[in-house]
1. If I model a spin label as a point 7 Å beyond the Cα along the Cα-Cβ vector, how far apart are those points for A50 and D275 in nm?
2. log₁₀ I(q)/I(0) of the range 77-131 at q = 0.18, 0.32 Å⁻¹, via Debye over equal Cα point scatterers, no solvent, to two decimals?
3. If you look at just the Cα atoms of the range 251-310, how large are its Rg and its Dmax in Å?
4. Output wanted: per-residue J couplings in Hz (rounded whole) for the range 294-304, from phi through Karplus 6.51 cos²θ - 1.76 cosθ + 1.60, θ = phi - 60°, x for Gly and Pro.
5. Taking 2.2 N^0.38 Å as the expected size of a compact globular protein, what ratio does the Cα radius of gyration of the range 195-310 give against it, to two decimals?
6. Return the FRET efficiency for the residue pair D41, S295: r is the Cβ-Cβ distance, R0 is 35 Å, and the value is rounded to the nearest 0.05.
7. Beyond 15 Å, what share of the Cα-Cα pairs of the range 152-249 is found? Please give it as a whole percent.
8. Using the Karplus curve 6.51 cos²θ - 1.76 cosθ + 1.60 with θ = phi - 60°, what ³J(HN,Hα) values do you get for each residue of the range 128-144, in whole Hz, with x for Gly and Pro?
Amino acid sequence: MQTILGSGGAIGVELAKALPEYTNKIRLVSRNPKKINDSDDLIKADLLNANEVDKAVKESSVVYVTIGFPYNYKFWKANWPPFLQSVIDACKKHTAKLVFFDNIYMYDQNHLNGMTEETPINPPSKKGQIRAGMVKMIMEEVDKGELTALIARAADFYGPGIKNTSVLTEMVIDPLSKGKTADWMGSVDRKHSFTYTPDAGKATAILGNTDSAFNQVWHMPTAKNPPTGKEWIETFAKALNTKPKYRVASKLILKIMGLFIPVLREMPEMMYQYDRDYVFNSDKFDKAFNFNPTSYKQGIKEIIEIDYLN
């Protein structure tokens, strides 16, 4: 049994689509799980309850953590560490391997242009400090030989069918699709990588089913040579047959937008990711698994066709 904790999110859904290549025993766990594949085993659970986490992990060979908690520092601080501890405890108890889907918040802000698995960990934000602490929790258990786990780390992500979780969707794609003005943080002249969610789902499934991939960090496959903010806006506008109108959002504008779009509410402390080149490198994964990440041109084409032309 391979189990996805947080199965209804952007990554969980794509992972569930990819896993049948490796197993027909897939368990989807969330507050309101919905089948992706006909044979999926659904478990309704409150993942903040350690007992329910234990029941969800029972009989699992691999456990994937793809849950996306509310984008709120206070919530993260109160709930991420105890949740992760309950997952670690359950995996150890039931001898399950752990695949933890992560972001880049813990990386040093001065090393974002060419991020690799070796980029220094020095989180500049409060949310980044929480993420760094969680990775430490996992790897300490790995180092002690008490847990088999891996970290699957992605850049900011984009993809079809994403609502309320992707900054690119909320600030650029949706407004442009309605003929409105796009917003961009920091500088529109800086490059910014985005990981395509279908690629991330496939890659996470590959890692979870490759014994030699465990006990290390992997960057999810991400296209090289990312566009600048302005180029992202212009390319989406062209695909949507609209004018590439945009404005650079200040911290004040973000706070106001956050009243209506929750994912933007706490973005001001993350603006450092947009005032410099943010370039994500996935050579380690691409070479190990002979994987060609979806090009930005193709990713944009698929998003428009799936989300805006149907």
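Each value in this text was obtained by applying a stated rule to the coordinates, not by laboratory testing. Note that the coordinates shown come from a computational prediction; the quantities given were computed from them, not determined experimentally. Please note: Cβ atoms are built from the backbone with ideal geometry, for glycine as well, and neighbour counts cover all protein chains shown.
1. 4.1 nm
2. Each listed q corresponds, in turn, to -0.72, -1.19.
3. Reported Rg and Dmax, both Å: 16.7, 44.
4. Along the range 294-304, the couplings run 4, 5, 4, 4, 5, x, 4, 4, 5, 4, 5 Hz.
5. Normalised Rg, Cα atoms only: 1.28.
6. On the way: r = 35 Å, r/R0 = 1.01.
Approximately 0.50, to the nearest 0.05.
7. 64 percent
8. x, 5, 5, 4, 4, x, 5, 4, 4, 4, 5, 6, 5, 5, 5, 4, 7
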